[in-house]
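*Asks:* Before I ask anything, here is the structure I am working with.
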Amino acid sequence: MATDGDTVATNAEQQEVLIVTGMSGAGRSTVANALEDLDWYVVDNLPPQMLRPLIELANRAESGLPRIAAVVDVRGRNFFVDLRDMIQSLREGTKVRVLFLEASDAVLVRRFEQVRRPHPLQGDGTILDGISAERTRLREIREASDIIVDTTDLNIHQLATNITDTFAAEDAADVQVTVMSFGFKYGLPADADMVADARFLPNPFWNPSCGRTRVWRRSSATTSWPRTAPTSSSRDTSRRSARSCPATSVRTNGTL
């Protein structure tokens, strides 16, 4: 019988921790969103001192949290200075990687101007003053990082794709496709990306061998109907019959 201690030890062995840091405006929020889409447990703006309690709490979870990502940056103010020591301490018993994001000064300035927000270290100075101060603080962290991504020439979609290619699970599906049948009389599905109008297909309701029963959708004659499609003249006859019968015209218009 497994004990709580055995469960914690097993979770710790399987756990992967990613620390996301880097320059403000380099795309940390985009990376966090991409990791969440990959089923990582993401915590934003976490003080470095809270990394170990977070990992211990995740190990004690019933199902465990095998992949944790923490965004740690200069927004942590005075707490941020302990990040390098904390990373070294965590690497002794946990699989920890550090992702560092950076970009050129010109691109960072343009991004801050687009969102009209001040730099966290700007103070009474300019955006460039804040960027320069941040680079100085992050120099040692950058040198100790496992992965460095320069987002100067990347848009948010390219950056998200980069993160997906790097951190997706090996068995993760590249593309998920959902095929759904619907009736036009109920309106188009709100989340449909592509819609195919299948109303050109012959309607089995007007087939005499299967159309006059309440269970025509499940009958053998109905399932074989597409393989024995009627000629164009018979389809025209069915359409004229449908128009002449108001009680069945709704079913015809709403049937795929």
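The values are calculated or read from the model by the stated rules, or taken from the named source; none is laboratory data. Since the structure is predicted, the reported quantities are computational estimates derived from the model, not experimental observations. With ideal geometry, Cβ positions are generated from the backbone for all residues, glycine too; neighbour counts draw on all protein chains shown.
*Asks:* Restricted to segment 68-96, and to residues that are farther than 27 Å from residue 121 by Cα, surrounded by 13 or more Cβ atoms within 10 Å (Cβ to Cβ) and in contact (Cβ under 8 Å) with a residue 60 or more places away in the chain, which residue is farthest from the chain's Cα centre (by Cα)?
*Replies:* 90
*Asks:* Using beta carbons and a limit of 9 Å, which pairs, at least six apart or on different chains, have the first residue in segment 109-133 and touching a residue at least 60 places away in the same chain (Cβ under 8 Å) and not assigned by TED's automatic domain parsing to the domain that holds residue 25 and the second one crowded, with 17+ Cβ neighbours inside 10 Å and among the acidic types (Asp, Glu)?
*Replies:* Taking only residues 6 or more apart or on different chains, not a single pair turns up.
*Asks:* Could you check segment 51-74 and list, in sequence order, the residues that are of a type in the set (D, E, K, R) and modelled with pLDDT of 85 or more?
*Replies:* Of everything in segment 51-74, those that are of a type in the set (D, E, K, R) and modelled with pLDDT of 85 or more turn out to be 52, 56, 67, 73.
Listed here are the residues, each with its yes/no results for (1) surrounded by fewer than 16 Cβ atoms within 10 Å (Cβ to Cβ); (2) of a type in the set (D, E, K, R); (3) in contact with an Asp or Glu (Cβ under 9 Å, 6 or more places away or on another chain).
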site: 109; (1), (2), (3): no, no, no
site: 117; (1), (2), (3): yes, yes, no
site: 124; (1), (2), (3): yes, yes, no
site: 136; (1), (2), (3): yes, no, no
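*Asks:* What residue, of 192, 172, 196, is surrounded by fewer than 17 Cβ atoms within 10 Å (Cβ to Cβ), more than 30 Å from residue 80 (Cβ to Cβ) and modelled with pLDDT under 75?
*Replies:* Going through 192, 172, 196 in turn, just one is surrounded by fewer than 17 Cβ atoms within 10 Å (Cβ to Cβ), more than 30 Å from residue 80 (Cβ to Cβ) and modelled with pLDDT under 75: 172.
*Asks:* Within segment 102-119, work out how many residues are within 17 Å of residue 29 (Cβ to Cβ), of a type outside the set (D, E, K, R) and in a helix (DSSP H, G or I).
*Replies:* 5
*Asks:* Within segment 149-166, does at least one residue satisfy the condition of being more than 30 Å from residue 40 (Cβ to Cβ) and either modelled with pLDDT of 70 or more or not in a loop (DSSP other than H, G, I, E, B) (or both)?
*Replies:* no
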